[in-house]
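What follows is a short report on a single structure.
The values are calculated or read from the model by the stated rules, or taken from the named source; none is laboratory data. Owing to the predicted nature of the structure, the values given are computational and were not obtained by experimental measurement. Here Cβ is always computed from backbone atoms with ideal geometry, including for glycine, and neighbour counts include all displayed protein chains. The accessibility values were calculated without ligands, DNA or RNA, using every heavy atom of the protein model including side chains. Shrake-Rupley method; radii C 1.70, N 1.55, O 1.52, S 1.80 Å.
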Amino acid sequence: MTTALGDRPGTLLLVGASRGLGLAMASEFVAKGWRVVGTVRGDGITGLHDLADRYPAQVTIEDIDITDAAQISNLSHRLSGRVFDMLFVNSGTSNRNQAETIAEVSTDEFVRVMLTNTLGVLRVIEGLQDLVRPAGLIGVMSSGQGSIANNIKGGREIYRGSKAALNQCMRSYAARHASGRRALVLMAPGWIRTELGGPEAPFGIEETVPKLVDTLIGQQGKPGLRFIDRNGKGVPW
């Protein structure tokens, strides 16, 4: 199957592809003919390993913990010489008790969430950006809950704060690369039934990820930063 890149298959570096949305994204890109380097954390067998067994010519697995700066640097060295059309960072977490307010959360728990959702993500982008072609795409899994304008009900304060911080840091990154040709995408996938989203979420992976992937592919060749949902509609900052 061809892609927006012409007859050649697209290449994707997908950070956080072992389960949930990341694994579903990897599967969808493979179905569209892309070659995927997906990352997992640790040495356990995951769904991504099953996907690689089925599509050994299209799927390669790397190991990285994005909270460890040295591991990001090591991954960059291991992939040196590779060129990707797209880098997408899917890693994310939430505090264990999402009903906690910002005044109630422990310092350790706050730091854990911010390190994974904000600092680690930006370190990945900074550390792996040179692997992405100059007119490629760098995308990040954000959240509609990172929208300050849309926060009229409150709740999930630590998670919201980490995603808002991620969005702000990406705006700073985009400002520093304003003359570049890369598309930069903050993706708000919606409330989806995953381990993070929980069983009460109104949408399933099967109905949302194909739209999300199509939207990302469609953003190629559009320089600058966009905060969008899975349908490509802009999300208020």
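Specify which of the listed residues (T107, T116) is open to solvent by less than 70 Å² (accessible area, probe 1.4 Å) and either more than 26 Å from G190 (Cβ to Cβ) or in contact (Cβ under 8 Å) with a residue 24 or more places away in the chain (or both).
Within the list T107, T116, the selection yields T116.
Among residues of the range 42-71 that are under 15 Å from G16 (Cα atoms) and among the hydroxyl-bearing types (S, T, Y), those with a beta-carbon under 6 Å from a residue that is open to solvent by less than 60 Å² (accessible area, probe 1.4 Å) and part of a strand (DSSP E or B) at least six positions away or on a different chain give the pairs T46/V40; T60/V37. When G154 is tested against (1) assigned to a helix (DSSP H, G or I); (2) open to solvent by less than 50 Å² (accessible area, probe 1.4 Å); (3) without any contact (Cβ under 8 Å) to a residue 40 or more places away in the chain, just one condition goes unmet, and that condition is (1).
Table: residues versus (1) over 18 Å from R19 (Cβ atoms); (2) polar (S, T, N, Q); (3) at pLDDT 95 or above; (4) not in a helix (DSSP H, G or I).
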site: R171; (1), (2), (3), (4): yes, no, yes, no
site: A174; (1), (2), (3), (4): yes, no, yes, no
site: E195; (1), (2), (3), (4): no, no, no, yes
site: G198; (1), (2), (3), (4): no, no, no, yes
site: L212; (1), (2), (3), (4): no, no, yes, no
site: R226; (1), (2), (3), (4): yes, no, yes, yes
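The residue that is surrounded by the most Cβ atoms within 10 Å (Cβ to Cβ), counting only those in the range 119-146 that are in contact with a strand residue (DSSP E or B) (Cβ under 7 Å, 6 or more places away or on another chain), small (G, A, S) and part of a strand (DSSP E or B), is G139.
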